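Read the structure below first, then the notes.
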Amino acid sequence: MLYELRPHQQQALDQLRESFSKGLKRPMLYASVGYGKTVVAAHIVTGTLNKGKRVMFVAPYTALINQTARSFMDQGIPQPGVMQADHEWTNPKKRLQIASVQTLARRKIPDVDLIIVDEAHLQYGIIGKLMKETDIPIIGLSGSPFSKGLGKHYDNLIQTTSMRELIDTGFLSD
């Protein structure tokens with residue numbers, strides 16, 4: 001029941017796969033507001049879970065954590081474990097964890113095979129530490145990946161369309 005991918009979203013998935021096939025393990029998806037980054041993330045999460053692997057989605061704000069969890073569940077992904085203070089869905093046994101960056105910095109990092117970082121341009125200290133200390137593949141998502149030094153952490157910038165193109169093709173309104 002995943003949402004059907006739009007052409008620009010499918011292109012992003014294809015480019016992410018290509019990035020990993022070339023040995024690049026830290027791609028950044030640059031996509032504007034309204035692009036559907038959460039839909040792309042749901043497809044990545046589902047593919048990873050279907051391989052029997054574990055995924056962690058990291059977000060900076062409680063609202064984004066809850067919104068992402070609901071969006072994933074609306075697309076047929078089982079209820080995730082949530083690492084955020086004393087959230088009612090806290091369950092470290094779940095193969096999908098949605099974590100607040102603040103809580104992640106204070107707790108033991110779960111054993112995961114892939115990390116997806118929302119609002120990656122904010123350059124969370126814990127993610128930088130993970131990038132230095134582990135070999136876990138990390139996908140960054142950002143609508144504005146222009147922060148100084150970001151290119152030192154992510155090894156492939158993927159952009160499939162612009163906001164103007166999304167408007168011109170009818171996916172967003174002007």
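Exactly one residue out of 114, 122, 64 is of a type in the set (A, V, I, L, M), open to solvent by 30 Å² or more (accessible area, probe 1.4 Å) and in contact (Cβ under 8 Å) with a residue 60 or more places away in the chain: that is 122. Between 16, 24, 64, which is of a type outside the set (D, E, K, R), out of contact with any Gly (no Cβ under 9 Å at 6 or more places or on another chain) and part of a loop (DSSP other than H, G, I, E, B)? Just a single option satisfies the conditions, and that option is 24. Within region 104-119, identify whether any single residue is part of a helix (DSSP H, G or I) and modelled with pLDDT under 95, and answer yes or no. Yes, because at least one residue in region 104-119 is part of a helix (DSSP H, G or I) and modelled with pLDDT under 95. Answer yes or no as to whether residue 81 is among the small types (Gly, Ala, Ser), crowded, with 18+ Cβ neighbours inside 10 Å, more than 14 Å from the chain's Cα centre (by Cα) and closer than 20 Å to residue 53 by Cβ. Taking the combined requirement at face value, the residue satisfies it. Here 6, 70 are screened, and the one residue that is of a type in the set (D, E, K, R), farther than 18 Å from residue 111 by Cα and without any contact (Cβ under 8 Å) to a residue 24 or more places away in the chain is 70. Could you grab me the full set of residues in region 125-158 that are exposed (fewer than 15 other Cβ atoms within 10 Å of the Cβ) and either touching a Phe, Trp or Tyr at 6+ places or on another chain (Cβ under 6 Å) or among the β-branched types (Val, Ile, Thr) (or both)? Across region 125-158, the qualifying residue is only 134.
The conditions are (1) open to solvent by less than 50 Å² (accessible area, probe 1.4 Å); (2) more than 24 Å from residue 151 (Cα to Cα); (3) in a helix (DSSP H, G or I); (4) not hydrophobic (A, V, I, L, M, F, W, C), and residue 76 fails exactly one of them. Which is it? Just one mismatch for residue 76, condition (3). Consider residue 49 carefully, then state whether it is open to solvent by less than 20 Å² (accessible area, probe 1.4 Å) and at pLDDT 95 or above. The answer is no for residue 49. Only a single criterion out of (1) surrounded by 19 or more Cβ atoms within 10 Å (Cβ to Cβ); (2) touching a strand residue (DSSP E or B) at 6+ places or on another chain (Cβ under 9 Å); (3) not aromatic (Phe, Trp, Tyr) is not satisfied by residue 9, namely (2).
Hey, can you tell me all the residues within region 83-101 that are touching a residue at least 24 places away in the same chain (Cβ under 8 Å) and outside any strand (DSSP E or B)?
Passing the criteria: 95, 101.
Among the numbered conditions (1) crowded, with 17+ Cβ neighbours inside 10 Å; (2) in contact with a Lys or Arg (Cβ under 8 Å, 6 or more places away or on another chain), the only one that residue 28 does not meet is (2).
Here residue 10 clears all of (1) more than 15 Å from residue 96 (Cα to Cα); (2) part of a loop (DSSP other than H, G, I, E, B); (3) modelled with pLDDT of 95 or more except the condition numbered (2). When residue 47 is tested against the conditions (1) in contact with a helix residue (DSSP H, G or I) (Cβ under 9 Å, 6 or more places away or on another chain); (2) touching a residue at least 24 places away in the same chain (Cβ under 8 Å), the lone failure is (2).
The values are calculated or read from the model by the stated rules, or taken from the named source; none is laboratory data. All of these numbers come straight from a predicted model, not from anything done at the bench. All Cβ positions, glycine included, derive from the backbone under ideal geometry; neighbour counts span all protein chains shown. Side chains included, ligands, DNA and RNA excluded: accessible areas come from the protein's heavy atoms. Shrake-Rupley method; radii C 1.70, N 1.55, O 1.52, S 1.80 Å.
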